[in-house]
Amino acid sequence: MIDSIGRDVYVRIQTDLLVIGDSIMTDRHHASSGNYEDDDPQNQIGGIVPAFSLSGWLRHGMEKVVHEKDATACHPGVSNANFQMEGVYNRDLDAGYHEKGSCLEDDDNGCVILDLFGDFGNSPGKVMRRPIKFSPVRSSVDYTRGQAEGHYRRLNRNVVSRNREDDRRPLRNAGLDAVGNFDGAWHLSFRKVKPEFVALLAQAITYLDAHKTDFMHQLGGARNFGGGIVDCELVNPLYSETELQRVFDRSKDSTNKMDNKDDEWADEFLPEFKSSLSARVGAES
Ligand SMILES: [Zn+2]
């Protein structure tokens with residue numbers, strides 16, 4: 001059954017506002033030929049959302065799924081790292097994590113989280129998380145290549161003085177890279193497809209969608225301002241490329257064939273993959 005699943009899977013991500021700190025890469029220099037005004041709503045700036053924030057967000061969702069099965073998850077940091085807050089690592093170990101890599105003692109692949117995300121240096125993770133390229137021009141977005149429609153904006157905020165006699169005079173100006181009205185496909189590639197990987201991905205995405213307004217499960221920065229509230233959905237891995245593109249086409253509904261694949265996925269594939277995940281995590285706990 002796992003042979004029907006290709007190495008490439010896609011997660012649909014939709015959000016009104018995404019702020020990735022200062023690390024959205026833009027191609028404004030191509031588009032503007034020197035006339036770029038960062039607050040001009042007419043600008044046609046595309047860019048790239050790097051995979052770091054996305055990867056952390058997904059990993060956190062997967063850790064929750066593992067926790068709900070009463071197992072511990074691999075800590076993302078090595079135990080001898082120079083953490084800024086003393087005692088935090090041990091507190092995390094008490095809260096459902098095991099020391100990164102300690103799972104390798106029982107199994108060469110480690111726990112399912114380590115198997116997917118890898119270890120620094122010696123083993124690459126078996127899921128490759130790609131950046132998402134976004135463009136404001138929907139017709140140029142290729143969803144099969146993990147792209148998105150998104151509108152880059154530079155937000156400027158004035159931090160003003162609180163002293164009455166200053167009459168709200170600006171103390172400083174803070175700029176923020178943001179993408180608005182984002183809708184696209186996050187492309188993940190398995191280096192090796194295992195049923196428990198697919199189940200963990202599916203369950204983590206369901207979990208993240210259900211907890212999208214929890215501060216801990218929002219994506220990127222500006223969370224206090226509603227940034228990073230993400231609607232997410234695993235695109236049925238049984239879909240063809242044409243069917244994948246149809247998911248993002250607002251003018252078309254899904255076909256009967258797609259509906260049949262949805263039933264097949266929900267009734268046959270996912271339950272079997274979930275049992276593999278439970279078996280593996282159960283053996284690890
Ligand atoms: Zn582990």
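The values are calculated or read from the model by the stated rules, or taken from the named source; none is laboratory data. Quantities reported herein were computed from a predicted structural model and do not represent experimental measurements. Cβ atoms come from the backbone with ideal geometry, glycine included; neighbour counts cover every protein chain shown. SASA here: full protein model, heavy atoms, side chains in, ligands and nucleic acids out. Shrake-Rupley method; radii C 1.70, N 1.55, O 1.52, S 1.80 Å.
Brief remarks on what is shown
- Hits in segment 84-112 - residues which are open to solvent by 80 Å² or more (accessible area, probe 1.4 Å) and either more than 15 Å from the ligand (Cβ to nearest atom) or free of Cβ contacts under 8 Å to residues at least 12 places away in the same chain (or both): Gln84, Met85, Glu86, Asn90, Arg91, Asp94, Glu105, Asp108
- Ser189 satisfies every condition listed in (1) among the polar types (S, T, N, Q); (2) touching a residue at least 24 places away in the same chain (Cβ under 8 Å); (3) farther than 24 Å from Cys74 by Cα except (3).
- Pairs linking a residue in segment 157-177 that is touching a residue at least 12 places away in the same chain (Cβ under 8 Å) to a residue that is of a type in the set (D, E, K, R) and open to solvent by less than 100 Å² (accessible area, probe 1.4 Å), with Cβ atoms under 9 Å and 6 or more positions apart or on different chains, are Gly175/Asp38; Gly175/Arg154; Leu176/Arg153; Leu176/Arg154; Asp177/Arg153; Asp177/Arg154.
- When Phe134 is tested against (1) in contact with an Asp or Glu (Cβ under 9 Å, 6 or more places away or on another chain); (2) farther than 30 Å from Arg280 by Cα; (3) modelled with pLDDT under 90, just one condition goes unmet, and that condition is (3).
- Residues that are under 29 Å from Pro136 (Cα atoms) and at pLDDT below 85, drawn from segment 151-176: Arg153, Arg154, Leu155, Asn156, Arg157, Asn158, Asn173, Ala174, Gly175, Leu176
- Number of the exception - Asn224 against (1) more than 24 Å from Thr72 (Cβ to Cβ); (2) in contact (Cβ under 8 Å) with a residue 12 or more places away in the chain: (2)
- For Gly56, the conditions (1) within 24 Å of His211 (Cα to Cα); (2) within 14 Å of the chain's Cα centre (by Cα); (3) buried (at least 20 other Cβ atoms within 10 Å of the Cβ); (4) of a type outside the set (Asp, Glu) all hold with the exception of (3).
- Residue that is nearest to Ala199 (Cα to Cα), among those in segment 239-272 that are of a type in the set (Lys, Arg) and surrounded by fewer than 16 Cβ atoms within 10 Å (Cβ to Cβ): Lys257
- Residue that is most open to solvent (accessible area, probe 1.4 Å) [pool: residues in segment 113-126 that are within 15 Å of Val66 (Cβ to Cβ) and more than 9 Å from the ligand (Cβ to nearest atom)]: Phe117
- Residue check for Ala31: open to solvent by 10 Å² or more (accessible area, probe 1.4 Å), hydrophobic (A, V, I, L, M, F, W, C) and at pLDDT 90 or above: no
- Screening segment 161-271 for helices (runs of 4 or more DSSP H) wholly inside it with 2 or more residues that are under 19 Å from the mean Cα position of the chain (by Cα) and within 24 Å of Phe117 (Cα to Cα) returns the ranges 195-210.
- Qualifying residue in segment 51-68 (condition: in contact with a Phe, Trp or Tyr (Cβ under 8 Å, 6 or more places away or on another chain), at pLDDT below 65, closer than 21 Å to Ala148 by Cα and not aliphatic (A, V, I, L, M)): no
- Segment 140-156 residues that are without any contact (Cβ under 8 Å) to a residue 12 or more places away in the chain, paired with ones that are open to solvent by 50 Å² or more (accessible area, probe 1.4 Å) (beta carbon under 9 Å, 6 or more apart): Asp142/Lys133; Asp142/Gln245
- Going through (1) under 22 Å from Tyr239 (Cβ atoms); (2) out of contact with any helix residue (DSSP H, G or I) (no Cβ under 9 Å at 6 or more places or on another chain) one by one, Phe225 falls short only on (1).
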